[in-house]
Every structure is written in C-alpha cells, then in structure tokens.
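What follows is a short report on a single structure.
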Amino acid sequence: MADRTLPQVFKYVDDNAETFKKLLKEAVAIPSVSCDVKYRNDCVRMVEWMQEKLKEVGATTELRDVGYQTIDEKEVKLPPVLVGVLGNDPLKQTICIYGHLDVQPALKSDGWDTEPFELVERDGKLFGRGSTDDKGPVLGWVHAINAYKAVGEELPVNLKFVLECMEESGSEGLDALLLEKLKPEGFFKDVDYVCISDNYWLGTTKPCITYGLRGISYYFLEIQCAQMDLHSGVYGGTVHEAMTDLIYLMNELVDKNGKILIDGIYDSVAPLTDNEKKLYTNIDFDTDGYRKSIGAPKLAHNGDKEQILMHRWRFPSLSLHGIEGAAFQPGAKTVIPGKVIGKFSIRIVPNQEPEEVEKLVFDFVNKKWAARKSPNKMRITAQSGRAWTENPDHPHYQAAARATRMIYLTEPDMSREGGSIPVTITLQEASGRNVLLLPMGAGDDMAHSQNEKINVRNYIEGIKLFAAYFHEVSKLPKPSK
Ligand SMILES: NCC(=O)N[C@@H](Cc1c[nH]cn1)C(=O)O
Ligand SMILES: [Zn+2]
Ligand SMILES: [Zn+2]
C-alpha cells in the first residue's frame with residue numbers, strides 16, 4: 001500500500017463526518033431492544049438494515065437462523081445473526097469482527113434529556129441509545145471500509161463479520177451457531193485475528209486496548225403469594241407477602257460494602273500475583289473524576305485506585321437490578337403484588353465457572369428460603385457467560401497499539417473491563433486466535449444509562465483508528481496454526 005493511502009483515508013473520514021453521523025442517526029432510530037419481545041420486529045429490522053450496509057461495501061452476507069427462546073413458557077423466534085465475508089485473498093490477513101446491534105431499553109421518562117431513539121448532537125456529543133453501545137462502533141467498521149474504497153485503495157485485509165442482536169440478553173443461540181454450525185462449515189479456518197469494539201476507554205482522554213472482561217451470571221428470583229395483585233387494605237395482614245420474602249432474600253446476598261455473602265463464592269477466584277498487583281499501580285486512572293462523573297458521594301474501598309480497578313476487573317461483584325411486578329411507577333399505589341421477580345447478577349471472573357457459581361447461588365438461596373419457612377412459591381433461574389482474558393503481549397496487540405498511537409499520538413493503556421461480552425471467549429475458542437478489544441467510546445459514555453452518548457471526536461477518530469488497525473494488521477506475519 002502506498003504511504004499516502006492512510007492520510008487520504010483520514011481526510012476522507014474528516015470530509016464525510018456528517019454522512020457518518022447521519023447513518024448513526026438512522027441506526028439509533030431503530031429501537032432494537034432485545035430484552036423486550038415487543039421490539040423483536042425492530043431487532044430483525046435492525047439486522048436487515050445492517051445487512052444492506054455490508055452488502056453496499058461489497059460483502060457477501062447471510063442471515064443465520066438461531067432458533068427460538070422461551071419466554072413465559074412461549075417460544076419466541078430469535079433475531080437472525082448477520083454473517084458477512086469481505087475478501088478472500090490468501091495473501092492477506094483475515095480479521096473476524098464481532099459486534100452487536102441490539103440495545104438496552106430506554107424511555108425518555110427514565111430521565112433522558114432528549115428522546116433516546118433520536119440521535120441528538122450537543123456540545124460535541126452524539127446522544128442516543130446505542131450510540132456508543134454498540135451501533136457507533138459497528139458502523140465505524142463499515143465507514144473505515146468505505147474510506148479505503150472511496151480513495152481507490154484495496155482493503156489491506158480480508159474481513160469476516162458476526163453481528164448479532166441479542167448480546168444485551170445473553171447472546172441466546174449464538175454459541176450454538178458458532179460452535180455447531182460456522183466452525184464445522186470452516187468459517188474460522190482462515191481467520192487470523194479476532195477484533196471486537198464494544199467497550200470504552202478507562203477515562204475520557206487516554207485510549208486503551210482491552211485484554212480481559214468479566215463474565216456474567218444473571219438471576220431471576222420469583223416469589224408468588226397469590227394469583228393476582230391484592231388491595232392492601234382488604235388483604236394486608238392476612239397473607240404472607242411475596243415482596244417481603246423477596247426483599248429478605250435479596251438482602252441476604254451482599255453486604256453494604258459490596259462483599260458477596262454467598263458461601264464459597266470467592267473460593268475459585270484467580271489469586272492475585274505480585275506481578276499483576278504492580279499493573280494496577282501503573283495505570284492512569286482518576287478515581288475522583290470517575291466519582292464525580294457519576295455523582296456518587298463516596299466510592300467503595302475508600303476510593304483507593306488499585307482497589308477500585310481490581311474490583312472492577314478481577315474480583316466478582318453482585319448487583320441488585322430491579323423487581324418485576326413491583327409498583328415502580330410514581331404515586332401511592334397500595335397494592336400487594338401477587339408475584340414478584342427480583343433480578344440480580346454476579347459479574348464473574350477468572351477462574352469462576354458459570355455452572356459452579358450458579359450452583360453456589362441456588363444452594364444459598366434454597367438454604368435461606370428453607371430457613372424463612374414461607375408458605376409461598378419460590379423459583380430461581382439463571383443465564384450465564386464466562387469471563388475472558390487474553391495475552392496482551394501478542395503482536396496483534398502491538399499492531400493495535402501502533403494504530404492507536406498513529407491516531408491519538410499517545411501510548412494506549414492495556415486495560416481490562418468490568419462488563420461482559422459473553423461471546424468473546426467462544427470466539428477465542430472457536431477460532432483458536434488472539435482476540436482483542438479495541439474501544440471507540442470514552443469512559444463517560446454512560447452505556448446502559450440515561451443520556452448515553454458518543455463523542456463526535458471518538459466516533460470520527462475511531463473510524464480512522466479502525467482504518468489504521470487494518471493497515472497495521474496487514475503488516476503482521478500470518479500467525480502459526
Ligand atoms: N457492551 C457490552 C455489554 O454491555 N454487555 C452486557 C452483556 C449482558 C449480559 N447479560 C445482560 N447483559 C453487560 O451488561 O455487560
Ligand atoms: Zn455492548
Ligand atoms: Zn451493553
């Protein structure tokens with residue numbers, strides 16, 4: 001590739017920033033919320049919209065059926081997975097790119113300043129659900145490909161895409177597609193590297209490259225005391241209330257300092273080595289800025305930087321998320337809910353296995369339930385995905401670091417991340433290749449929260465970063481089998 005290609009690509013990206021924003025606006029306008037079946041057609045529409053974008057850059061695409069999920073004993077069709085292939089030159093490196101097109105739910109009434117599914121630009125930021133998680137980054141790959149095409153240069157790598165629309169809901173059906181269909185069909189045979197852009201910088205100014213994620217073990221704890229909701233003036237004092245039982249159980253799970261109270265939960269956590277300990281000391285992380293950015297009065301662990309990073313990245317944490325069936329709307333509703341479902345999750349870490357964690361949680365909840373001696377019905381179910389770590393000393397990471405330096409003129413931090421992308425470890429195992437997370441967004445993007453955004457700078461420079469990453473990976477030797 002001629003030396004002037006990348007500057008031309010970067011200029012094209014700068015010159016076309018408005019077009020890239022417009023496309024993100026179109027993507028954000030499709031409310032592809034995976035956890036609510038009401039939006040299932042929008043998820044399918046989102047996948048089809050993206051299929052068109054891949055076709056437009058010349059990829060061959062397929063929508064792969066991944067079957068059904070069971071919701072309230074009903075079978076609901078899962079959105080298809082978009083699989084794409086662009087280029088098959090045996091002399092080039094092949095990168096497999098994964099991303100997701102679904103989003104977390106969002107309502108203006110949750111406290112958004114603007115409509116969540118309408119991308120709004122304000123103060124150099126693009127606000128909208130999915131702007132940073134993960135529609136902006138997924139579109140970034142397409143824009144980077146387009147930029148090479150627009151300046152008349154061949155893409156220096158072959159690409160394979162796996163884009164799903166169920167990531168925010170446990171990636172149902174995806175592992176089976178990857179391991180039982182795509183792998184036997186030979187999809188991974190020529191894959192040399194795997195790259196995912198679905199996380200964020202640690203802070204707001206310094207880019208990073210990510211080599212670890214926590215897994216997630218998500219629980220639904222259901223308690224039923226009656227066939228229907230009850231008037232508390234008529235029935236209060238006469239029934240064993242489901243909500244009272246649920247609050248009791250949920251309060252037994254974790255203490256006020258965040259210590260998980262489930263017996264044995266810390267037993268298999270990978271021990272902290274002296275070498276690993278030193279890593280946390282060298283990382284640039286402004287704990288007070290982090291605290292202020294979320295408006296918290298005080299952080300856990302007395303705000304100690306090393307402890308905060310370790311508890312985000314390499315220790316498990318348990319969060320209580322909500323209660324279905326509870327009167328969460330404003331107003332003094334006086335009902336006794338007949339059935340409530342408490343939702344909580346544990347972010348799991350190396351070397352915790354989901355099956356082992358689920359058993360510990362089930363045993364603990366059953367023990368507490370037996371001690372409670374409630375006549376009500378209790379049921380607990382779980383869905384889980386494993387933690388992932390990778391070797392950050394690999395040439396793939398060095399290539400991504402060179403690309404990052406080219407765009408941001410600074411050394412990226414090698415970081416881990418507290419969130420989860422369940423399919424990462426599956427891709428690592430299915431391909432047998434080095435997997436790398438290359439974040440586009442900043443640490444204050446507020447993914448999953450109110451007013452999610454991506455900075456215009458991160459979006460546009462991120463597209464250049466992806467183009468530079470293609471260039472740097474193309475120069476790597478083919479990894480040995
Ligand atoms: N950007 C990754 C992300 O947000 N992942 C989700 C995954 C998940 C799993 N179950 C529910 N959500 C996360 O919460 O980490
Ligand atoms: Zn995501
Ligand atoms: Zn997410």
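The values are calculated or read from the model by the stated rules, or taken from the named source; none is laboratory data. Quantities reported herein were computed from a predicted structural model and do not represent experimental measurements. Counting neighbours? That spans all protein chains shown, and the Cβs are built from the backbone with ideal geometry, glycine included. Ligands, DNA and RNA are excluded from the accessible area calculation, which covers all protein heavy atoms including side chains. Shrake-Rupley method; radii C 1.70, N 1.55, O 1.52, S 1.80 Å.
A quick yes/no check of all residues on (1) within 16 Å of ligand 3 (Cβ to nearest atom); (2) part of a helix (DSSP H, G or I); (3) within 22 Å of the chain's Cα centre (by Cα):
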position	(1), (2), (3)
Glu118	no, no, yes
Thr132	yes, no, yes
His143	no, yes, yes
Asn146	no, yes, no
Phe161	no, no, yes
Glu172	yes, no, yes
Asp175	no, yes, yes
Asp190	no, no, no
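When Ile308, Ile294 are checked against the criterion of being hydrophobic (A, V, I, L, M, F, W, C) and touching a residue at least 12 places away in the same chain (Cβ under 8 Å), Ile308 stands alone in meeting it.
Within region 412-454, the residues that satisfy the criterion of being surrounded by 22 or more Cβ atoms within 10 Å (Cβ to Cβ), more than 11 Å from ligand 2 (Cβ to nearest atom) and assigned to a strand (DSSP E or B) are Ser415, Arg416, Val435, Leu436, Lys453, Ile454.
Among the residues here, Ser109 does not qualify as touching a helix residue (DSSP H, G or I) at 6+ places or on another chain (Cβ under 8 Å) and not hydrophobic (A, V, I, L, M, F, W, C).
Pairs are defined by a Cβ separation below 8 Å, a sequence spacing of at least 6 or placement on different chains, a first member in region 128-144 that is within 13 Å of Leu438 (Cα to Cα) and within 10 Å of ligand 1 (Cβ to nearest atom), and a second member that is open to solvent by 10 Å² or more (accessible area, probe 1.4 Å) and assigned to a helix (DSSP H, G or I); the pairs so defined are Asp134/Glu167. Screening region 354-385 for residues that are in a loop (DSSP other than H, G, I, E, B) and open to solvent by less than 80 Å² (accessible area, probe 1.4 Å) and picking the one that is nearest to Glu324 (Cα to Cα) gives Asn376. Of the residues making up region 305-316, not a single one is in a helix (DSSP H, G or I) and open to solvent by 80 Å² or more (accessible area, probe 1.4 Å). Taken together, the criteria exclude Val33 from residues that are surrounded by 18 or more Cβ atoms within 10 Å (Cβ to Cβ), in contact with a Cys (Cβ under 9 Å, 6 or more places away or on another chain) and closer than 30 Å to Asp190 by Cα. Being under 30 Å from Glu461 (Cβ atoms), over 21 Å from the mean Cα position of the chain (by Cα) and modelled with pLDDT under 95 is true for just one of Asp393, Asp413. Which residue is that? Exactly one of Asp393, Asp413 is under 30 Å from Glu461 (Cβ atoms), over 21 Å from the mean Cα position of the chain (by Cα) and modelled with pLDDT under 95, namely Asp393.
For region 317-350, residues that are more than 22 Å from the chain's Cα centre (by Cα) and in a loop (DSSP other than H, G, I, E, B) total 12.
In the set Asn257, Asn282, Asn251, only one residue is away from ligand 2 (no atom under 16 Å from the Cβ), open to solvent by 20 Å² or more (accessible area, probe 1.4 Å) and outside the structural domain of Gly322 (by TED's automatic domain parsing); that residue is Asn282. Filtering region 124-152 to residues that are open to solvent by 10 Å² or more (accessible area, probe 1.4 Å) and of a type in the set (Val, Ile, Thr) leaves only Val151. Restricting region 45-60 to residues that are over 19 Å from the mean Cα position of the chain (by Cα) and over 16 Å from Lys160 (Cβ atoms) leaves a set whose member that is least open to solvent (accessible area, probe 1.4 Å) is Trp49.
Of everything in region 403-416 that is touching a residue at least 24 places away in the same chain (Cβ under 8 Å), more than 26 Å from Phe188 (Cα to Cα) and out of contact with any Pro (no Cβ under 6 Å at 6 or more places or on another chain), the residue that is nearest to ligand 3 (Cβ to nearest atom) is Ser415. Looking at region 443-463 only, could you name the residues that are of a type in the set (A, V, I, L, M) and out of contact with any helix residue (DSSP H, G or I) (no Cβ under 9 Å at 6 or more places or on another chain)? Answer for region 443-463, where residues must be of a type in the set (A, V, I, L, M) and out of contact with any helix residue (DSSP H, G or I) (no Cβ under 9 Å at 6 or more places or on another chain): just Ala447.
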